[in-house]
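Okay, here's the structure, questions in a sec.
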Amino acid sequence: MLNRTHFLLAVSVLFLHTACNRPQPQESTAAMQSNFPAPPRAKIVPHTFNEFGHERADNYFWLKEKSNPEVIAYLEAENAYCDTVMKSTEGLQEQLFNEMKSRLKETDETVPGLNNGYYYYSRTEAGKQYRIYCRKATTAGAVEEILFDVNAMAENKPAFIFAAYDVSLNNKLVAYLSNETGSFADFTLHIKDLASGRELPVSIDKVQAMAWSNDNKTIFYTLGDETLRASKVYRMDINHPEKAELVFEEPDEQFILYVQKTKTNDFILIRSGSSTTSEYWYLSANDPMGKFRVFIPRVKDVEYDVEHHKEKFFVLYKDRAHLNRMVYEVPLSNFTNRLSWKVVVPYNDSVKIESMEVFQDYLVTTARKNGLIGIEVLGLRDNSHKAISFPEPVYTAYSDETPEYTAHKLRYIYTSLNRPASTFEYDMDTGESKLLKQQEIPGGFNPDNYTVERLWAGAKDGKQVPVSVIYKKGFKKDGTHPALLYSYGSYGVSSDAYFISNFFSLIDRGFVFAVAQIRGGSDLGEQWYEEGKLLNKNNTFHDFIACAEKLIADKYTSPSGLSIMGGSAGGLLVGAVVNMRPELFNAAVAQVPFVDVMTTMQDASLPLTTQEYEEWGDPREEAYYNYMLSYSPYDNIKAQVYPHMLVTGGLNDSQVLYHEPAKYVAKLRTLKKGDNIVLLRTNMESGHGGATGRYNALKEVAFEMAFLLKQTGLGNPK
């Protein structure tokens, strides 16, 4: 389901200050002392909200007018100011970019995966921004077919996202989704004839998912509404796209639709889901003109996912009494009778089942205990049980795509803070793992040069919050070193500790890098998520503060050396904690931050708003309104000294619209005390994920790291 996340990884007036008569903000004193121009100032246009008998002022509400030339001029002026302030780091940025690129194997190839008679893989080539997607038949002497060269598709386009593709059962046609805006929610559906390379006359906007039927001419796809919510499913004969037929519509604004085909190729499934409730509808993939039927009618606060086996269904099930999920085996017929369901993976209050994957002879579950992932394999013929074990105290593992229903070998990925990602093949018959590929770091990388630890920070209410840290050996815990603390903390998305080669440009310069597994994520089970959402959201912020205090108390760093980073809903986290405890942090990077919580959650016309009432609360209810207002970063900026701040946005962002970071910076400049710098950098060509080409993306990372190094006093090139 779409939300304000990803990933990671995860990502907005003219105003000429001479036109305003107000004094310059305090930042300008320091700026001019450093030969910088005065920072831009957005003009004030009073706007008042009246809610529950209270008035709430928003002087920068007008910045949401994307078509207003003054808005664009303001964003461009902010970018120019940002570049001016950071000009002294241009050499460092180039050095950081080259370092990060040197750790990237520029010409590389994924491990081929078997699917319906072909091995599918992708590769990158040195100097090229995007991937090339390929396949090769399993027959002897087969030659490579290039399905998509995204470099050619993206040529002369400032942004390009190739989102997904799906090949028809006869292997002759491919449907794919892409856009030229950098948006994560608005893709165009195209169809290509693989034999001729000809594009069919199909171009449908606002598509987020698609699935072929078995007749190789009928495709089902979701269609987004004006808020980009996938609310409809259409059936289309590719030879008559103008006659596409609506087959399913979801009227409830809190639910989003997804369409897929089962691994068995027997069914087309429509999933309608909110944050807490789901429902499936099914149709035989051999009868594309048939009628979808409900699997189990929705019940509030009951989530289930369905996987098909040739002999049965498997249901991954969650309700309020079973938050961590359990797995049922369900007969093919009469499956609405709950008495016919059989428990195959029982409920465990301390183990959350993250996902399941069904094969002809095996059921694979990925589960999380104490914040760490395990993979378990259940034999469906002999009731055997195997578990894939992992050697380190801090790591991440997850099942990779294994599309063949009859497969006896499972792909999985293993990585940790100091271990590059490794692709393994696990033999489900013998229980043996085989390394297929390890992420190669050109020039070599020795994990033994680094120390990885797991700490536990005591939260405000006594809960213990895990923190994973990595630093270079020889490090002394004397409080003199810089540190970067990262987290996310929303939507149940766990902040796993995995290998990110870019961060070694900080670690090798003496930084501690730390990942906090705070509430709002589901790192310690689904209850961990429940305790960090809705009217418990402040736990997320207090947990993060506790992790920062732990790093300081244990002398990994000090407030003058501690930087923080978070993106999207993680940017909300950054904005909230710098309001609450600004003295704890020296610098902060808020990437495409969800900081204007109140205004966004009260505007149902914006993407994602209504679907997120179950995450943040419905502000039309006074209790939720007052609670959100108590932590909304934009609404709680006050006259105090803030850390050095770099705030980023994307003009085409569909998850967090550009005006949230733009308004936040404008208000912060007006109210903050002291001389610490505040910068806004908006990508004027892309969306939530920033630059779409891999080299351009590295340049954005280098810019953020140069900012942190500059504010930490390590900003001189080595």
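What are the residues in region 70-80 that are surrounded by fewer than 20 Cβ atoms within 10 Å (Cβ to Cβ) and within 31 Å of the chain's Cα centre (by Cα), if any?
Of everything in region 70-80, those that are surrounded by fewer than 20 Cβ atoms within 10 Å (Cβ to Cβ) and within 31 Å of the chain's Cα centre (by Cα) turn out to be Ile72, Ala73, Glu76, Asn79, Ala80.
Among the residues of region 695-710, are any in contact with a strand residue (DSSP E or B) (Cβ under 8 Å, 6 or more places away or on another chain) and of a type in the set (Val, Ile, Thr)?
no
Which residue is surrounded by the most Cβ atoms within 10 Å (Cβ to Cβ), if the candidates are limited to region 187-200 and must be closer than 19 Å to Tyr130 by Cβ and within 30 Å of the chain's Cα centre (by Cα)?
Top of the filtered list is Phe187.
Name the strands (runs of 3 or more DSSP E) wholly inside region 51-143 in which the number of residues that are among the small types (Gly, Ala, Ser) and within 30 Å of Met645 (Cα to Cα) is 1 or more.
Of the strands (runs of 3 or more DSSP E) lying wholly inside region 51-143, those with at least 1 residues that are among the small types (Gly, Ala, Ser) and within 30 Å of Met645 (Cα to Cα) span 54-57.
Also, quick follow-up: Name the pairs whose Cβ atoms lie under 7 Å apart, with the first residue in region 452-477 and exposed (fewer than 15 other Cβ atoms within 10 Å of the Cβ), the second assigned to a loop (DSSP other than H, G, I, E, B) and of a type outside the set (Asp, Glu), and 6 or more positions between them or separate chains?
Once the first residue is exposed (fewer than 15 other Cβ atoms within 10 Å of the Cβ) and sits in region 452-477, its partners that are assigned to a loop (DSSP other than H, G, I, E, B) and of a type outside the set (Asp, Glu) give Lys477/Lys555; Lys477/Tyr556.
Just the residues that are on the phi > 0 side of the Ramachandran plot and in a strand (DSSP E or B), please, taken from region 663-698.
Gly690, the sole residue that qualifies.
Separate question: Give just the number: which of (1) more than 30 Å from Arg131 (Cα to Cα); (2) in a helix (DSSP H, G or I); (3) of a type outside the set (S, T, N, Q) does Phe703 not satisfy?
All conditions pass for Phe703, except number (1).
Can you tell me how many residues in region 320-359 are outside any strand (DSSP E or B) and under 25 Å from the mean Cα position of the chain (by Cα)?
Number of matching residues: 3.
Which count do you get for residues in region 577-618 that are part of a loop (DSSP other than H, G, I, E, B), crowded, with 24+ Cβ neighbours inside 10 Å and modelled with pLDDT of 95 or more?
5
When you scan region 553-569, do you find a residue that is over 21 Å from His47 (Cβ atoms), at pLDDT 95 or above and among the acidic types (Asp, Glu), even just one?
Yes, some residue in region 553-569 is over 21 Å from His47 (Cβ atoms), at pLDDT 95 or above and among the acidic types (Asp, Glu).
Collect the residues in region 169-183 that are crowded, with 21+ Cβ neighbours inside 10 Å and under 11 Å from Val207 (Cα atoms), keeping them in residue-number order.
Tyr176, Leu177, Asn179
Still on this model: Give me the pairs: first residue in region 89-107 and closer than 21 Å to Gly444 by Cα and modelled with pLDDT of 95 or more, second residue surrounded by fewer than 18 Cβ atoms within 10 Å (Cβ to Cβ) and β-branched (Val, Ile, Thr), beta-carbon distance under 7 Å, and six or more apart or on different chains, which are they?
If the second residue must be surrounded by fewer than 18 Cβ atoms within 10 Å (Cβ to Cβ) and β-branched (Val, Ile, Thr), the pairs left are Arg103/Ile441.
Report, by residue number, each residue of region 544-558 that is over 19 Å from Asn636 (Cα atoms), touching a strand residue (DSSP E or B) at 6+ places or on another chain (Cβ under 8 Å) and assigned to a helix (DSSP H, G or I).
Those that are over 19 Å from Asn636 (Cα atoms), touching a strand residue (DSSP E or B) at 6+ places or on another chain (Cβ under 8 Å) and assigned to a helix (DSSP H, G or I): Ala546, Cys547, Ala548, Glu549, Lys550, Leu551, Ile552.
Can Ile564 be described as buried (at least 22 other Cβ atoms within 10 Å of the Cβ), within 18 Å of Val512 (Cα to Cα), in contact with a helix residue (DSSP H, G or I) (Cβ under 9 Å, 6 or more places away or on another chain) and of a type in the set (Val, Ile, Thr)?
Against the criterion (buried (at least 22 other Cβ atoms within 10 Å of the Cβ), within 18 Å of Val512 (Cα to Cα), in contact with a helix residue (DSSP H, G or I) (Cβ under 9 Å, 6 or more places away or on another chain) and of a type in the set (Val, Ile, Thr)), Ile564 qualifies.
The values are calculated or read from the model by the stated rules, or taken from the named source; none is laboratory data. What you see is a predicted model; the values in this text were computed from it and never measured. When we count neighbours, we look across all protein chains shown, and the Cβ atoms used for this are built from the backbone with ideal geometry, even at glycine.
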